[in-house]
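Notes for the one structure printed next.
Just so you know, all these numbers are worked out from the coordinates, no wet-lab data involved. Here the structure is a predicted model, which means the values were calculated and not measured. Every residue, glycine among them, receives a Cβ derived from its backbone with ideal geometry; neighbour counts consider all protein chains shown.
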Amino acid sequence: MSRHLLAIRLLERPQIEELIDLGRHYKQKVESNEGAALTPGGSVGLLFFENSTRTRVSFEQAASYLGLRVVNFSGSGSSLSKGESLKDTLLTLRYERLDAVVMRHSASGSAQMAARHFQRPVINAGDGEHEHPTQALGDALTILQRKGRIEGLKVAIVGDVLHSRVARSNAWLLQKLGAEVRFVGPRSLMPSSTGLLPGQVFYDLRPGITGADVVMCLRLQKERMTDGLLSSVREYASMYQINRRTLKSASPEALVMHPGPLNRGIELDDAVADGAASGILDQVQNGIYVRMAALHWAFAAQEAGK
Ligand code: NCD
């Protein structure tokens, strides 16, 4: 049976903890220059049908630290641009003998569909507005490093929750690991189905981040917005920007996070983004280690089932 990593919502707490522990293990290996190659190795396809910098680079880094062969594949240079369906693309890649695929796609639910057709491990690198599980795992490792625990922390997720797969994966992970989750943002950028998500909703920044141990900012996803969702970016920044003044409502030791790419001066000001409270660059590095964990996890199950 193939082991996929499609959504944090589908994992149990022990599986999430196993992945984070594996990430910690690989962090130590890479930082001490120890070999981390998986035996036996194999090939992994990186299928990015949407733009990406950090996720794509960190999966490439992760795969190369693990000694896996990487086959890169992007939407524009492939048969998808000739009208081939995702199903046929995945079937083709199965018979091209790829052992696993990492996929980013603009359609929510596409990772699940890919898993059905590929029948070998699929790791979701972001599917539309649904989930981005490895981002949440890297963020969890960052919180654990900086705060020593997740259980009992108050975590405020601030901004464009409506379009954010990062918000959804993080909220599920944090709730399963015992944190108190809050969603903070304007009504127009909050999903109508917040009742189905694990967290309390706040429309005002100050009460939303009061006493928060972690403030997780989200990018305004202008490419996914239909007109009229936001009256102006400047107005958004005046109401929801995390800066030295607004951060005073959070816990004095609050950790500030952002998955990137940042709109500097909108979600966050420079002083906070580049200051001591920021965990942004740790998030980038930890992304590599949890992606090594995700690949190991998928390959180990594949090997066991042979
Ligand atoms: C996020 C994504 O693509 O979902 N970025 C990332 O993976 N680091 C968030 C975003 O694009 O705003």
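Determine if segment 4-16 includes at least one residue that is β-branched (Val, Ile, Thr) and either crowded, with 18+ Cβ neighbours inside 10 Å or within 16 Å of the ligand (Cβ to nearest atom) (or both).
yes
Every residue in segment 179-193 that is touching a Gly at 6+ places or on another chain (Cβ under 6 Å) and either closer than 14 Å to residue 213 by Cα or of a type outside the set (A, V, I, L, M) (or both), please.
181, 182, 183, 185
Have a look at 98, 93 and point out the one that is touching a strand residue (DSSP E or B) at 6+ places or on another chain (Cβ under 6 Å), away from the ligand (no atom under 15 Å from the Cβ) and part of a loop (DSSP other than H, G, I, E, B).
98
Among the numbered criteria (1) more than 10 Å from the ligand (Cβ to nearest atom); (2) outside any strand (DSSP E or B); (3) in contact (Cβ under 8 Å) with a residue 12 or more places away in the chain; (4) not polar (S, T, N, Q), which one does residue 156 miss?
Of (1) more than 10 Å from the ligand (Cβ to nearest atom); (2) outside any strand (DSSP E or B); (3) in contact (Cβ under 8 Å) with a residue 12 or more places away in the chain; (4) not polar (S, T, N, Q), only one is false for residue 156: (2).
For (1) surrounded by fewer than 16 Cβ atoms within 10 Å (Cβ to Cβ); (2) in a helix (DSSP H, G or I); (3) under 21 Å from the mean Cα position of the chain (by Cα); (4) away from the ligand (no atom under 16 Å from the Cβ), each residue gets a yes or a no:
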position	(1), (2), (3), (4)
208	no, yes, no, yes
219	no, no, yes, no
231	yes, no, no, yes
236	no, yes, no, no
252	yes, no, no, yes
275	yes, no, no, yes
287	no, yes, yes, no
290	no, yes, yes, no
295	no, yes, yes, yes
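Answer yes or no: is there a residue in segment 165-176 that is closer than 18 Å to residue 259 by Cα, more than 16 Å from the ligand (Cβ to nearest atom) and either crowded, with 21+ Cβ neighbours inside 10 Å or among the polar types (S, T, N, Q) (or both).
Looking for residues that are closer than 18 Å to residue 259 by Cα, more than 16 Å from the ligand (Cβ to nearest atom) and either crowded, with 21+ Cβ neighbours inside 10 Å or among the polar types (S, T, N, Q) (or both), one finds at least one in segment 165-176, hence yes.
With within 16 Å of the ligand (Cβ to nearest atom), without any contact (Cβ under 8 Å) to a residue 12 or more places away in the chain and charged (D, E, K, R) as the only criterion, which of 245, 264 stands out?
264
Against the conditions (1) free of Cβ contacts under 8 Å to residues at least 60 places away in the same chain; (2) more than 16 Å from the ligand (Cβ to nearest atom); (3) closer than 30 Å to residue 276 by Cβ, where does residue 117 fall short? Just the number, please.
(3)
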